[in-house]
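Comments concern the structure below.
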Amino acid sequence: MTCVAVLGLGNMGRAVVARLLLAGHEVLVWNRDASAGERLPDGKAIAVQTPAEAARRAEAAILVVTDEAAVKEVVSGPDGIAAGAKSSPVVLIQMSTVAPHTLDWVADALPDGSAVLDAPVMAGPGKLAAGKGTVYVGGSDQLIRRWTPLLQDIGHVSHVGELGSAAAAKLVANSALFGIVALLGESIALAEGLGLDRRTAFDVLASTPLAAQAERRRASLETDTFPTRFSLRLAAKDAGLIHEAAADHDVELRLGAATRSWITEARAAGHSDEDYTVILRAATAKNRPPNGS
């Protein structure tokens, strides 16, 4: 059994906690809004007051927060992980979706004796809680060997390279995910624009590479409900990271730019707190013929 701290108790953080508790680990938890801990299993996770306390008490601290600004605050704030690690070295397992260069900053911010693993997760909270997520891991071979057993308690581990490589892998995976959902929306819009009804459109898509996504998203489109698993607000943040990373490395993403435009439009329409797949609504509604066919 390992004493592990989980810092950040959003949907993903709570799923990570559930996996670790199921595996029998001692789990410390912290969240900026302490009320998030009320949604955890009673009496099983131990709340701490600050990230510094978590670093002093745990062997490893898993960071699952919203963005780079939150990462920097939790790591280097007055009561941050780095402050706690000065007296008790810790391994920081960085699971937030951030730009690859952020991992270099994290490594530099930690005091001597502490280390960082790059380990974002690809899965929705439900899939992750069921142990069906993928943990992309980047870092030194020695550190990865030491912590792979713990990460396997969370999901399938995929070693993708050195520090920062896992953050890059997560951006690639999200780029593909966003793009395929946008393509699905445009394909349905095209079918309806050409006079095919919605049922026929799905029958057609069932014989294409979009079949699995079409079937998975059909209920949301037919009921016009998009229960939030991964919010559009977070998807927009990640789409921005993808755009910036591509620009930094002189990679042209024409389809990525189009996908990002659907995300931006859906946010402008006030759907930030809905699931990112609400871009399907934006694509199909915008392109629906005047007669509604």
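Observations on the structure shown:
- Residue check, residue 77 at pLDDT below 95 and either in contact with a Gly (Cβ under 7 Å, 6 or more places away or on another chain) or under 25 Å from residue 155 (Cα atoms) (or both): no
- Residues that are surrounded by 13 or more Cβ atoms within 10 Å (Cβ to Cβ), over 16 Å from the mean Cα position of the chain (by Cα) and among the basic types (Lys, Arg), drawn from region 226-263: 260
- Test: residue in region 278-287 that is closer than 26 Å to residue 65 by Cα and open to solvent by 80 Å² or more (accessible area, probe 1.4 Å): no
- Residue list for region 74-92, filter: closer than 30 Å to residue 232 by Cα and either exposed (fewer than 15 other Cβ atoms within 10 Å of the Cβ) or free of Cβ contacts under 8 Å to residues at least 60 places away in the same chain (or both): 75, 76, 77, 80, 92
- Residues being out of contact with any helix residue (DSSP H, G or I) (no Cβ under 6 Å at 6 or more places or on another chain) and either open to solvent by 80 Å² or more (accessible area, probe 1.4 Å) or closer than 16 Å to residue 182 by Cβ (or both) - total across region 194-210: 7
- Close contacts from region 180-200, counting a first residue that is at positive phi and a second that is open to solvent by less than 70 Å² (accessible area, probe 1.4 Å), with Cβ to Cβ under 8 Å and a gap of 6+ residues or different chains, come to 195/293.
- Output for region 43-52, where each listed residue is open to solvent by less than 30 Å² (accessible area, probe 1.4 Å) and aliphatic (A, V, I, L, M): 45, 48, 52
- Some residue of region 211-225 being open to solvent by 50 Å² or more (accessible area, probe 1.4 Å) and closer than 21 Å to residue 11 by Cα: yes
Residue-by-condition table, conditions (1) in contact (Cβ under 8 Å) with a residue 12 or more places away in the chain; (2) open to solvent by less than 10 Å² (accessible area, probe 1.4 Å); (3) closer than 18 Å to residue 135 by Cβ; (4) in a loop (DSSP other than H, G, I, E, B):
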{"residue": "18", "(1), (2), (3), (4)": "yes, no, yes, no"}
{"residue": "21", "(1), (2), (3), (4)": "yes, no, yes, no"}
{"residue": "54", "(1), (2), (3), (4)": "yes, yes, no, no"}
{"residue": "65", "(1), (2), (3), (4)": "yes, no, yes, yes"}
{"residue": "72", "(1), (2), (3), (4)": "yes, no, no, no"}
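- Subset of region 96-129 [assigned to a loop (DSSP other than H, G, I, E, B) and within 16 Å of the chain's Cα centre (by Cα)]: 96, 97, 98, 99, 100, 119, 120, 123, 124
The values are calculated or read from the model by the stated rules, or taken from the named source; none is laboratory data. Keep in mind the model is a prediction, meaning the values are calculated, not measured. With ideal geometry, Cβ positions are generated from the backbone for all residues, glycine too; neighbour counts draw on all protein chains shown. All accessible areas refer to the heavy atoms of the entire protein, side chains included, with ligands and DNA or RNA removed. Shrake-Rupley method; radii C 1.70, N 1.55, O 1.52, S 1.80 Å.
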